[in-house]
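Step one of this worksheet: look at the structure below.
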Amino acid sequence: MGISTLRSYRGAQIFEAVGLAKDFIDDYFTGTASRINGIGVAEVAREAEMRYKRAYAPAPGVPHLLDAGGQYHFRLGEEKHLWTPETITKLQFATRNNDMKMYKEYAKYINEQAEHLCTLRGLFKFKKAAQPVPIEEVEPASEIMKHFVTGAMSFGSISKEAHETIAIAMNRIGGMSNSGEGGEDPERYIRLPNGDSKCSAVKQIASGRFGVTSEYLASARELQIKIAQGAKPGEGGQLPGHKVDKFVAKVRHSTPGVTLISPPPHHDIYSIEDLAQLIYDLKCSNTDARISVKLVSEVGVGTVAAGVSKGHADMVLISGHDGGTGASPLTSIKHAGLPWELGLAETQQTLVLNYLRDRIRVQADGQMKTGRDIVIGALLGAEEFGFGTTTLVVLGCVMMRKCHSNTCPVGVATQDPELRKRFAGQPEHLINFFRMIAEEAREIMAELGIRKFDDLVGRSDLLEMNKAIDFWKARNLDFSAVFKRPDNPNLPVRRTKAQDHGIDKAYDTVNILPKVQDAIENKKKVTLELPIHNVDRTVGTITSYHVAKKYGNAGLPEDTLTIKFKGSAGQSFGAFLSHGMTFELEGESNDYLGKGLSGGKIIVRPPVNASYNPSENIIVGNVLLYGATDGKIFIYGRAGERFAIRNSGVTAVVEGLGDHGCE
């Protein structure tokens, strides 16, 4: 949000109203976004009167006690929740016994919210086709399941057993699990004897850069830049110190017992230009992976998503407010982020109207629970769907809300060795769950007359408001802006072509790789001398990918590849440089030199004929060594601001620094 002082909050209107009438907003909150209309002064007054009567004129025979509220925990007869003891029990029974009948009982409670409205989509209904298609003609569940991913829950926030079970299940069905921002044990990259893989397909890169090494990046099918969390945008992740044991600390390249905080988007992900550079850096760090960006559902997210698409991301994730971390502050659980339905609709409309939708996939997450949810998500524009809390419930979570305290009684969100023994989840339970969701989606597709899942995407004309739900506060809601489709029917509404990342024209591809293939394969020493210019970005990173892919973090023997550059290096020179690679630069370098350094060695010195005193002059830019984990760097000159932030293992020698060094 770019907000740092109390004064800048006043009048900033960085919030949005959900469910307030336009005339009410115009009178009392002028200029505030409110997209779906809703209640006015009369309803606000009625609700205030109801609260007053409950306090001062209770019904006869009712104990004169304050309500339990149930805002955060389920309380019988209080605030409505979709996760109730009944729904948790039914879902766990259904998935453990592969019982579709019990799953349908669970889904009925989630989907039919007339008596317990909890979500915007609970007010939607489908426009069924006059001619339904036979379900046998609908795309099989096994194909639909490939559209599913699991949420970014890091090892540390959840137990080793839970994290690995999720990865095995998703790899079996052809979906993707997400490492979260906590690094990953390299042992998980090796396939098990039975063919299973514990490797998370999606590796997350957040502002904390915990455990982001060249091997971590090389092991991914997707690299995800985390701008924010759905449950608490603007706050960043947090892992309490009592959950950081020796093993968690080792994987995250940190210290046992020390709380780990990933600050809000910072350093190389806070402007769209920086983001485009990081997208390119990550694409170079794993040319076979797709690059995604995680955003939060809030007003204006469509504009940011358009920038992400122009920055050549392959996928954008719109994260809803009601998913997210079990360790989120109480105020954020209730007052930050928005329903994914609003952000997803805005993103789809903005990308389509700006001719950007055909080159980027869209994903949505935030308390996805049933096949109906994913069909609505697809109709509003998503091709992929993330499941976080629900996957943990399937694996045994009983919503005790003890994630932050390390006392999870079912071994899901704890590092306590005794409590972890209670973990009873199996990959088969998750696979059953995703198959049931896909089968429910197939039934809805048949009713809508749709055979292929891709043909659902962007068909918001098949949604309407359910007028049969006559709850007094829902009567004035208007979803026409959410269901709106572009006037031009020929505009693409889903991804149909790949982004051009320019990898074939990259400096490494043209100048380095052809000359070092033999050196990488056979560990032969080679020395090159090359010119470099400030338009040459992310030099060395593609070569590092080939080293890391073959040898992991161990890389090559010391100084196997030595490259001597002359000139002015562009951004991210030597980013994620692997062990055994040595870069010597005679000249100067722009920002992000040695970003994520992973064992390589970088030496920068001024030109031989330089007339200035290096110890008094800046010869390298800002944000050097951001998130570096291993290696050495020697700079004969001064560095700019924010030098070696989040460094966890690099030895650096420099003549002087700007502000905020080594934070």
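Here are a few things to note about the model shown:
- Other residues whose C-beta falls under 14 angstrom from the C-beta of His253 contribute a net charge of 0, scoring Lys and Arg +1 and Asp and Glu -1.
- R0 of 25 Å, Cβ-Cβ distance Asp416-Arg191: FRET efficiency to nearest 0.05: 0.25
- Over 29 Å (Cα to Cα) - which of Lys203/Lys369; Lys294/Lys524; Lys198/Lys402 fall in this group: Lys294/Lys524
- Calculated on C-alpha atoms, the gyration radius of segment 97-180 divided by its Kirkwood radius gives an Rg/Rh of 1.06.
- Summed over the residues of the chain and divided among them, the accessible surface reaches 43 Å² per residue at a probe radius of 1.4 Å.
- Sequence-separation-based contact order of segment 73-136, relative, with Cα cut under 8 Å and 6+ spacing, percent: 25 percent
- For the listed residue pairs Lys127/Lys452; Lys310/Lys334; Lys104/Lys125; Lys226/Lys595; Lys104/Lys473; Lys283/Lys550, the alpha carbons are over 21 angstrom apart in Lys310/Lys334; Lys104/Lys473.
- Packing here is the average count of other Cβ atoms within 10 Å per residue, and on that basis the peptides 430-437, 136-143, highest first, run 430-437, 136-143.
- Of all accessible heavy-atom area on the chain, the percent that carbon and sulfur account for (1.4 Å): 52 percent
- For segment 428-443 versus segment 561-627, the spacing of their alpha-carbon centroids is 51 Å.
- Distance between segment 1-60 and segment 646-663 - C-alpha centres, whole angstrom: 47 Å
- Rounded to 10°, Cα long-axis angle of helix 513-522 versus longest principal axis of the chain: 90 degrees
- By average C-beta atoms within 10 angstrom, highest first, the peptides 445-458, 564-577: 564-577, 445-458
- Net charge of the neighbourhood of Gln113, taken over other residues with C-beta under 9 Å away and scored Lys/Arg +1, Asp/Glu -1, is 0.
- Distance (nanometres) between label positions extended 7 Å along Cα→Cβ at Phe471 and Glu49: 2.1 nm
- From most to least packed by mean Cβ count within 10 Å, the peptides 592-604, 51-63, 629-641 give 592-604, 629-641, 51-63.
- Alpha-carbon centroids, segment 252-276 and segment 198-219: separation in whole Å: 13 Å
- Helix 41-56 axis, angle to the chain major axis (alpha carbon atoms, nearest 10°): 70 degrees
- Dipole magnitude of the chain, debye to nearest 20 (Cβ charges: Lys/Arg +1, Asp/Glu -1, about Cα centre): 760 debye
- Gyration tensor over alpha-carbon atoms, segment 1-149, equivalent ellipsoid semi-axes in Å: 37, 27, 18
- Across the chain, the mean sequence separation of Cα contacts (distance under 8 Å, 6 or more residues apart), normalised by length, yields a relative contact order of 12 percent.
- Of Phe471, Ile602, Gly411, farthest towards positive along the dipole that unit charges on Lys, Arg, Asp, Glu beta carbons give the chain: Gly411
- Under the convention that each Lys and Arg Cβ holds +1 and each Asp and Glu Cβ holds -1, the size of the dipole of segment 537-663 around its Cα centre is about 420 debye.
- DSSP bridge orientation in the chain - percent antiparallel, rounded to nearest 5: 10 percent
- Accessible-area value, His73, 1.4 Å probe, nucleic acids and ligands omitted, Å²: 70 Å²
- Length-normalised contact order of segment 22-124 in % [C-alpha pairs under 8 Å, at least 6 apart]: 13 percent
- In the complete set of protein chains, residue-level accessible area for Arg361 is approximately 60 Å², probe 1.4 angstrom.
- Helix-derived mean residue ellipticity, 222 nm - over the chain, DSSP H n ≥ 4, -39500 (n - 2.57), to 500: -8500 deg cm²/dmol
- Over all Cα atoms in the chain, the spread is summed up by Rg and Dmax: 26.4, 94 Å.
- Only beta bridges with both residues in segment 507-649 are counted; by DSSP, about 5 percent of them are antiparallel.
- The chain: angle of helix 160-173 to the longest principal axis, Cα-based, in degrees nearest 10: 80 degrees
- Extension gain, Lys246-Lys128: 0.36 nm per intervening residue step, less the Cα-Cα distance, totals 37.0 nm.
- Seen from Lys549, the other residues with C-beta closer than 9 Å to its C-beta sum to a net charge of -1, counting Lys and Arg as +1 and Asp and Glu as -1.
- Under a 5 Å amide H cut-off, with hydrogens placed 1.01 Å from N, Asp185 pairs with nothing among residues at least 5 apart or on other chains.
- Heavy-atom accessible surface of Leu528, to the nearest 10 Å², is about 20 Å², with a 1.4 Å probe and all protein chains retained.
The values are calculated or read from the model by the stated rules, or taken from the named source; none is laboratory data. Keep in mind the model is a prediction, meaning the values are calculated, not measured. Cβ coordinates were reconstructed from backbone atoms using ideal geometry, including for glycine residues, and neighbour counts include every protein chain displayed. Note: accessible area is taken over every heavy atom of the protein model, side chains too, but ligands, DNA and RNA are not part of it. Shrake-Rupley method; radii C 1.70, N 1.55, O 1.52, S 1.80 Å.
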